[in-house]
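A.B. asks: Questions regarding the structure given below will be posed in turn.
The values are calculated or read from the model by the stated rules, or taken from the named source; none is laboratory data. What you are looking at is a predicted structure, and each value in this text was computed from that prediction instead of being measured. Cβ placement follows ideal geometry from the backbone for every residue including glycine, while neighbour counts extend to all protein chains displayed. Just the protein is used for accessible areas: all its heavy atoms, side chains included, with ligands, DNA and RNA removed. Shrake-Rupley method; radii C 1.70, N 1.55, O 1.52, S 1.80 Å.
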Amino acid sequence: MSNQSIYENAYVKVYHGYGHTHDLIVYGHVFKRKTVTQHKFTNNIWYNIFYLLRLFFVEPFPNARVRLHWQDQELENTTQDDGFFKFEWKATDEISAGWHYLAVDLLDEVGKSVTTGTGKIYIPHATQYGFISDIDDTVMISHSATVGRRLKELFIHNPRTRTMFSDVANHYKLLSLAHTTEATPNPFFYVSSSEWNLYDYLDEFFSFNGLPQGTFLLNQIKRWFELFKTGKTKHQGKFLRIVRILETFPKQQFILFGDNTQADPVIYASITQKLPGKIFAVYIRSVIAENDAVTKQILAAIESNGAHTCLFKTSKEGLEHSKRIGLISSEA
């Protein structure tokens with residue numbers, strides 16, 4: 001195979017980035033061929049299984065040269081063994097709040113662009129609060145604690161037929177306007193143990209269900225033979241991703257949402273201890289009742305670090321708590 005032929009079907013996937021003028025971050029992958037993106041939304045189980053499997057039949061492009069185009073700036077980097085790349089930089093000019101477009105080129109051996117991926121980066125408004133939410137079993141019913149049940153949900157449903165917990169969208173929409181306006185919404189970040197393979201799947205689920213648009217920060221991509229490990233990650237990775245967001249926006253307080261199926265309470269307790277005063281509130285959905293006693297102990301430790309806490313079964317309970325602590329108007 002000639003050197004040039006390895007680029008013929010290559011594809012650059014750019015994920016939504018985030019930041020501000022002095023600290024911009026964007027992630028992506030380079031694959032040897034384009035991954036499946038379009039999806040026919042159907043109740044046909046076999047079609048949904050086939051679609052999901054294709055998301056994990058990826059061929060990462062390791063050690064590939066990539067070039068970022070951002071306004072009048074260009075930066076170069078190299079993909080990791082799994083095709084993953086990251087750009088972090090400072091803008092030369094002040095960047096306004098909102099979504100901004102960018103492009104990433106895949107370069108051949110002589111530095112010529114062979115294909116380009118486009119993406120967006122979100123610059124939040126200077127609001128008082130930011131929100132970081134888990135996805136599985138916090139927003140979407142996933143049964144993450146049991147691999148078999150998690151895979152069943154993934155296989156038999158498409159993004160539009162997955163079940164969301166009742167009243168989540170309403171709660172999150174109100175929070176996006178907490179102490180601000182529709183023109184300057186609070187930022188949302190969705191940090192999950194789900195893999196980058198599921199990026200478009202999750203993006204469609206969030207869009208279809210009317211959840212606030214935000215930035216996804218997911219877990220290392222997996223190949224088809226690792227499918228039975230989906231949703232499983234080292235907890236340190238999630239901790240670091242959240243801390244990175246908090247450090248990027250030092251002037252905002254954050255509200256964290258998670259559940260008690262795995263390690264969210266422990267991770268959030270570690271964060272409030274590491275960054276006291278940075279977390280305004282921690283919300284934990286009670287999915288496994290047997291874990292409630294331990295969860296309450298952890299939340300008590302979080303409160304001792306100065307954050308409000310709420311262990312809730314329904315999003316309506318969480319919304320009422322948001323009203324009590326002044327996040328949301330009592331009239332909402």
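A.B. asks: What do you get when you divide the Cα radius of gyration of segment 77-170 by 2.2 N^0.38 Å, with N the number of residues? Kindly include the intermediate steps, with their values, before the conclusion.
C.D. replies: Details: Rg = 19.4 Å, N = 94, 2.2 N^0.38 = 12.4 Å.
Here the answer is 1.57, to two decimals.
A.B. asks: With only alpha-carbon pairs counted, each pair once and no self-pairs, how large is the Kirkwood hydrodynamic radius of segment 39-118 in angstroms? Intermediate results must be reported in sequence, preceding the final value.
C.D. replies: Working: mean 1/r = 0.0648 Å⁻¹.
Mean inverse Cα-Cα distance, inverted, gives 15.4 Å.
A.B. asks: Rounded to whole Å and sorted largest first, list the principal axis extents of the Cα atoms in segment 101-146.
C.D. replies: Reported extents, whole Å, longest axis first: 47, 38, 12.
A.B. asks: Which whole-number percent gives the relative contact order of segment 147-304, counting Cα pairs below 8 Å spaced six or more residues apart?
C.D. replies: Values: 162 pairs, mean separation 28.1, N = 158.
Rounded, it is 18 percent for segment 147-304.
A.B. asks: Tell me the label-point distance for the pair residue 74, residue 180, using the 7 Å Cα-to-Cβ offset, in nm and rounded to one decimal.
C.D. replies: 3.5
A.B. asks: Follow-up. Mind listing the Cα extents of segment 32-71 along all three principal axes, in Å, largest one first?
C.D. replies: Projected onto its principal axes, the Cα set of segment 32-71 covers 42, 25, 10 Å.
A.B. asks: Turning to a different aspect of this structure: Within segment 165-216, what whole-number % of the accessible surface is contributed by carbon and sulfur, with the 1.4 Å probe and all protein chains included in the calculation? Kindly include the intermediate steps, with their values, before the conclusion.
C.D. replies: Working: 840 of 1730 Å².
Summing carbon and sulfur atoms, their accessible area is 48 percent of the total for segment 165-216.
A.B. asks: Let me ask something else. Can you list which of the trypsin sites (Lys or Arg not before Pro) found in segment 32-123 are DSSP loop residues with at most 15 other C-beta atoms within 10 Å? Intermediate results must be reported in sequence, preceding the final value.
C.D. replies: Numbers: sites: 32, 33, 34, 40, 54, 65, 67, 86, 90, 112, 120; in loops: 32, 33, 34, 40, 90, 112.
Within segment 32-123, the qualifying trypsin sites (Lys or Arg not before Pro) (loop, at most 15 other Cβ atoms within 10 Å) are 33, 34, 40, 90, 112.
A.B. asks: I'd like the accessible area for residue 317: 1.4 Å probe, protein heavy atoms, all chains in place, Å² to the nearest 10.
C.D. replies: Result for residue 317: roughly 90 Å² accessible.
A.B. asks: Semi-axes of the equivalent ellipsoid of the chain: what are they in whole Å, largest first, if each equals the square root of 5 times a C-alpha gyration tensor eigenvalue?
C.D. replies: On the way: eigenvalues 224, 123, 61 Å².
Calculated on Cα positions only, the semi-axes equal 33, 25, 17 Å.
A.B. asks: Taking the Cα centre of the chain as origin, sum charge times position over the Cβ atoms of Lys and Arg (+1) and Asp and Glu (-1), and report the length of that vector in debye to the nearest 20. If you can, show how the numbers build up before the last one.
C.D. replies: Details: 35 positive and 34 negative charges, 138 e Å.
Magnitude of the dipole: close to 660 debye.
A.B. asks: Can you pull the accessible area of residue 27 for me, 1.4 Å probe, Å² to the nearest 10?
C.D. replies: Rounded to the nearest 10, the figure is 30 Å².
A.B. asks: If you don't mind, there's one more thing I want to ask. Using a 1.4 Å probe, what is the accessible area per residue for the chain, in Å²? It would help to have the intermediate numbers written out before the result.
C.D. replies: Working: 15010 Å² over 332 residues.
On a per-residue basis, the chain sits at 45 Å².
A.B. asks: Moving on. Quick one: divide the alpha-carbon radius of gyration of segment 249-324 by 2.2 N^0.38 Å and tell me what you get. Kindly include the intermediate steps, with their values, before the conclusion.
C.D. replies: On the way: Rg = 11.7 Å, N = 76, 2.2 N^0.38 = 11.4 Å.
Scaled against compact globular proteins, the figure is 1.03.
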